[in-house]
Amino acid sequence: MTKSNDNRIILPEPTIRRLPWYLSYVRMLDHLHVEYVSSTQISKELNVQSSQIAKDLSFLNIRGKTRIGYEVKSLVSELEDFLGFNRHHDAVVIGTGSLGTALMQDHGLEHYGLNIVAGFDVRDEVIGKQLGGVPVFSISELEAWQAKHTIPIAILTVPVERAQECADLAIACGVTALWNFTPYRIKAPENVVIANTSIYAHLAIIYNRMQGQTT
């Protein structure tokens, strides 16, 4: 665990990946009006060792009460605040094909703080239209549009051969974080945050594990 220059806690990536699991579970408990939950209970539901859960939450200075556990409402609030899910983060989609359109139409992302405000593409048939209530502009307009709006996050859903080019353009326009859905491992300056979400890599894992089960 480290701290950034503004003293925000920077956690190990495996811990960051587990925290949304915990949040989803305790949100469900909150909806069921459950007041307290123990790390043992969370462990049974999520198949994560209770000691690991306690360690992950201790990074955030969240500690349960002896023989009672964690207060559910407080745990929901603390996790949402740390993960940034209770704050709005504006983003643009670059590449409004089937995947880009699906993300623009997924208003459930707003429950996790992500607000997609515009899409950019090269195809005349979508430029000037709205997808999921989100306007689509020409990629040639990105620089001027970004100069007015200063959106921090760009979601890349372009063909693989355009990935680096579009990433470079977004960064040049002032984007500071890239959510990359392409299978290309884009290169960027160290001060740009990159999260790679490769659907194809996950498919490869599924196929490989399935093959292992049948041999």
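The values are calculated or read from the model by the stated rules, or taken from the named source; none is laboratory data. Keep in mind it's a predicted model, so treat the numbers as computed, not measured. Here the Cβ positions follow ideal geometry from the backbone for every residue, glycine too, while neighbour counts run over all protein chains shown.
Return the residues of region 179-204 that are farther than 20 Å from VAL93 by Cβ and either touching a residue at least 24 places away in the same chain (Cβ under 8 Å) or loosely packed, with under 10 Cβ neighbours inside 10 Å (or both); say none if nothing qualifies.
PRO189, GLU190, ASN191
For region 100-110, does any single residue satisfy the condition of being in a strand (DSSP E or B), in contact with a strand residue (DSSP E or B) (Cβ under 7 Å, 6 or more places away or on another chain), assigned by TED's automatic domain parsing to the domain that holds VAL158 and more than 28 Å from GLU78 (Cα to Cα)? Outline the logic, then answer.
To start, the set of residues in region 100-110 that are in a strand (DSSP E or B) comprises none.
Checking region 100-110: not a single residue is in a strand (DSSP E or B), in contact with a strand residue (DSSP E or B) (Cβ under 7 Å, 6 or more places away or on another chain), assigned by TED's automatic domain parsing to the domain that holds VAL158 and more than 28 Å from GLU78 (Cα to Cα).
Quick one: in region 131-152, which of the residues that are part of a strand (DSSP E or B) and either small (Gly, Ala, Ser) or in contact with a helix residue (DSSP H, G or I) (Cβ under 9 Å, 6 or more places away or on another chain) (or both) is surrounded by the fewest Cβ atoms within 10 Å (Cβ to Cβ)? Quick ask: steps written out before the conclusion?
At the first step, the residues of region 131-152 found to be part of a strand (DSSP E or B) are 131, 134-138.
With either small (Gly, Ala, Ser) or in contact with a helix residue (DSSP H, G or I) (Cβ under 9 Å, 6 or more places away or on another chain) (or both) added as a condition, the list becomes 131, 134, 136-138.
Values: LEU131: 19, VAL134: 20, VAL136: 21, PHE137: 18, SER138: 15.
For region 131-152, the residue satisfying everything is SER138.
Sort through THR214, THR197, THR157, THR176 and tell me the only one that's modelled with pLDDT under 95 and in contact with a strand residue (DSSP E or B) (Cβ under 8 Å, 6 or more places away or on another chain). Can you show your working first?
On the way: THR214 fails: in contact with a strand residue (DSSP E or B) (Cβ under 8 Å, 6 or more places away or on another chain); THR157 fails: modelled with pLDDT under 95; THR176 fails: modelled with pLDDT under 95.
Just one listed residue meets the conditions, THR197.
Please go through (1) among the hydrophobic types (A, V, I, L, M, F, W, C); (2) surrounded by fewer than 17 Cβ atoms within 10 Å (Cβ to Cβ); (3) under 22 Å from the mean Cα position of the chain (by Cα) for LEU60 and return the number of the only condition it doesn't satisfy.
Going through the list (1) among the hydrophobic types (A, V, I, L, M, F, W, C); (2) surrounded by fewer than 17 Cβ atoms within 10 Å (Cβ to Cβ); (3) under 22 Å from the mean Cα position of the chain (by Cα), LEU60 breaks only (2).
Which one is nearest to PRO20 (Cα to Cα) among residues in region 66-89 that are free of Cβ contacts under 8 Å to residues at least 12 places away in the same chain and not hydroxyl-bearing (Ser, Thr, Tyr)?
The qualifying residue nearest to PRO20 (Cα to Cα) is ASP81.
Please count how many residues of region 82-112 are farther than 23 Å from THR182 by Cβ and in contact with a Leu (Cβ under 9 Å, 6 or more places away or on another chain).
Residues of region 82-112 farther than 23 Å from THR182 by Cβ: 82-88, 107, 110-111.
Applying the additional criterion that residues be in contact with a Leu (Cβ under 9 Å, 6 or more places away or on another chain) yields 82-83, 85, 88.
Counting residues in region 82-112 that are farther than 23 Å from THR182 by Cβ and in contact with a Leu (Cβ under 9 Å, 6 or more places away or on another chain) gives 4.
Just need a number here: residues in region 55-99 that are of a type in the set (Ser, Thr, Tyr), within 24 Å of ILE171 (Cα to Cα) and part of a loop (DSSP other than H, G, I, E, B). Even if it seems obvious, please write down each step before you answer.
Taking region 55-99 as the starting set, the residues that turn out to be of a type in the set (Ser, Thr, Tyr) are 58, 66, 70, 74, 77, 96, 98.
Add one more test, that the residue is within 24 Å of ILE171 (Cα to Cα), and what stays is 96, 98.
Cutting the leftovers down to part of a loop (DSSP other than H, G, I, E, B) gives us 96.
Matching residues across region 55-99 total 1.
From the list THR157, THR176, pick out the single residue that is surrounded by 15 or more Cβ atoms within 10 Å (Cβ to Cβ) and touching a Ser or Thr at 6+ places or on another chain (Cβ under 8 Å).
Details: THR176 fails: touching a Ser or Thr at 6+ places or on another chain (Cβ under 8 Å).
Exactly one of THR157, THR176 is surrounded by 15 or more Cβ atoms within 10 Å (Cβ to Cβ) and touching a Ser or Thr at 6+ places or on another chain (Cβ under 8 Å), namely THR157.
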